[in-house]
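Following: one structure in structure tokens, then a few remarks.
The values are calculated or read from the model by the stated rules, or taken from the named source; none is laboratory data. Bear in mind that the values here come from a model prediction, so they are computed numbers and not experimental data. Cβ placement follows ideal geometry from the backbone for every residue including glycine, while neighbour counts extend to all protein chains displayed.
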Amino acid sequence: MQVGQKVRIRGFQDKGAPEFANKVGEVGIIKEPKIVDGGKMGYIVAFNDNASTWFFQDELEEVWA
């Protein structure tokens, strides 16, 4: 996955941020990579409503358009 790429949210593991749980199924754009939880790779994803948060790589799927 690369910065600027469109991704669809296919899951959300963070129970501490319920405001982003409704983003499952939405498409956003990767803004930057982020190392999270003991060295796992994640990505900060921005959405059309100007919200952004990070997701684990396995919570994202590439969108080809």
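Got at least one residue in region 17-26 being over 16 Å from V3 (Cα atoms) and surrounded by 16 or more Cβ atoms within 10 Å (Cβ to Cβ)? Yes: region 17-26 contains one or more residues that are over 16 Å from V3 (Cα atoms) and surrounded by 16 or more Cβ atoms within 10 Å (Cβ to Cβ).
If I ask for residues that are exposed (fewer than 15 other Cβ atoms within 10 Å of the Cβ), under 17 Å from Q2 (Cβ atoms) and out of contact with any helix residue (DSSP H, G or I) (no Cβ under 6 Å at 6 or more places or on another chain), which ones from region 35-51 would you list? Across region 35-51, the qualifying residues are I35, A46.
Flag set for F12, criterion: under 9 Å from the mean Cα position of the chain (by Cα) and modelled with pLDDT under 90.
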